[in-house]
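The values are calculated or read from the model by the stated rules, or taken from the named source; none is laboratory data. Just so you know, these numbers come straight off a predicted model, no measurement behind them. Please note: Cβ atoms are built from the backbone with ideal geometry, for glycine as well, and neighbour counts cover all protein chains shown. Surface areas here come from the heavy atoms of the whole protein model, side chains and all, with no ligands, DNA or RNA. Shrake-Rupley method; radii C 1.70, N 1.55, O 1.52, S 1.80 Å.
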Amino acid sequence: MNDVPKRRTGGPTRLLIGGACAVLIAVSSVAIANLAHADLSGPPGTTLKAAAERSGRYFGMAMGADRLSDSGFQTIARREFDMLTAVNEMKPDATEPNQGQFNFTNGDRLYNWAVQNGMRVRGHTLAWHAQQPRFWGSLSGSALRTAMINHINGVLAHYKGKMFQWDVVNEAFAENGSRRSSNLQATGNDWIEAAFRAARAADPSTGLCYNDYNIENWTYAKTQGVYNMIKDFKSRGVPIDCVGLQTHFTGGSSLPGNFQTTLSSFAALGVDVVLTEVDVTNASASQYQGLTQACMNVPRCLGITTWGVRDSDSWRSSESPLLFDRNSNPKAAYTSVLNALNAASTTVPGTTTPTSGTPSTSRPPTSTPPTSAPPTSAPATSAPPTSTPVTGQSGACTATYRTVNSWGGGFQGEVIVANNGSSTLNGWTVRLTLASGQTLSQVWNGSNTGTSGAISVRNAEYNGSLGANASTNFGFLVSGSTNTAPSGISCTSP
């Protein structure tokens, strides 16, 4: 994947490339023009994209390069969606595998497929504490800061003028509203600002977004931490155009009652808002309808992206969280979303003007505690889980582990914590041991102690209380030279 294919030279080849570019530009222009004519008085849309476009919005999906050979996926994608986000192919480790050596092969394949099918593309992501180029691990301080900026410059130089938006920085806040501890944060508290300023300079035409999970509940500490950063950025002229709320909802009531307040509060700062990675446990029709309606009620909410198309595409496939089932059939949630899109009473009010530079394409022309979500989706694999479930138990507390996804250099694990007793469980701790050379890179729905060898994960503040026969889960990412599953699984309760 690191080898750059040789290019033929000569007039005919240049003409062919020029013609292809002309076709892509023409198709892209048509896609943008179609969104320019928002008309709420027109007939209801019969597809997600048609219904969204009535109010000048988009409806997108996440797609990996492995789906380029999946005709079933493509049939639905072409019919229903008008925005594409690459699952892993535009992340830092994929686009710069070695220092100064960029690889856009799969990113370009997805981009070209999208444009050829009348879609635009959201870039995801430029700077993140996970899925970093390996060489970043040996850098720190000013050297790492320079490497981050060079990466942003290299990627945006390649895609300059082509992308609807970029998630410039991803998941930089902790649950308590402070900055997440990471190697990028260790370069200085201004690293996020530096990333946005570099991105604006590299491509003044694209919308620049901050993207995170667990920022849907307006009263939650993490939401307030991100809000205060955006407010500070806008007051000081730091170039930022939009906020992406991942909107991974789990459980029966994780749609906050104040979700619309969150969207409108961010929008009031002068930024657009987008729902970037939507999936909902069991595809709850009421939650899908609610999140869609909230977006439709906020003029600066530009659109919605689901993280995949069918349940079989989802990193949470066991929870059936998407709008289409494994057999490509639309669910009740699909109808609830379609109806909410068609019922939109507000339209997107024109285009975003960036903090500096030329007008941005950030927008189309025309309460319960939150459940901690995953990182922006773990790297996908078409292979089944690499291990059978392993269960550890102590008294009424049971922990069952399974490997959800694996890839070269890491895997995603999940642990289901169950109360098998007859009385309420107040708090739990799961212990497990990682293999030699493995490092825990992220945990959601729990709080970890240790990152290698023997580690423990205790409940988050919102999922420690389990009634009789109730269960919850947490997930995590591990990086390392092997994908060996954890050992020594155990669960204890106070």
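Would you mind telling me the share, in percent, of accessible area of region 186-324 contributed by carbon and sulfur at probe 1.4 angstrom? Looking at region 186-324 in its full context, I get 49 percent from C and S. Put the Cα centre of region 35-75 next to the Cα centre of region 123-190 and the gap is 30 Å. Bridgeable lysines around residue 231 (alpha carbons under 21 Å apart, same-chain partners fewer than 8 residues away excluded): 222. Please report how far the C-alpha centroid of region 428-494 lies from that of region 192-270, rounded to the nearest whole angstrom. So the separation of the two Cα centres works out to 28 Å. Quick one: which residues, 5 or more positions from residue 325 or on another chain, have an amide H under 5 Å from its amide H? H modelled 1.01 Å from N in the peptide plane, none for Pro or chain starts. Amide H to amide H, under 5 Å and 5 or more residues apart or across chains, residue 325 pairs with 311, 331.
Ignoring ligands, DNA and RNA, what accessible area per residue does region 188-296 give at 1.4 Å, in Å²? Intermediate results must be reported in sequence, preceding the final value.
Details: 2710 Å² over 109 residues.
Ligands and nucleic acids excluded, the figure is 25 Å² per residue.
Here the Debye sum runs over all C-alpha atoms of region 55-142 as equal scatterers in vacuum, and log10 of I(q)/I(0) at q = 0.22 Å⁻¹ comes out as -1.02. Its Cα centre serving as origin, region 124-190 has a Cβ charge dipole (Lys and Arg +1, Asp and Glu -1) of approximately 220 debye. Here the label points at residue 482 and residue 448, each 7 Å from Cα along the C-beta direction, are separated by 1.8 nm in the simple model.
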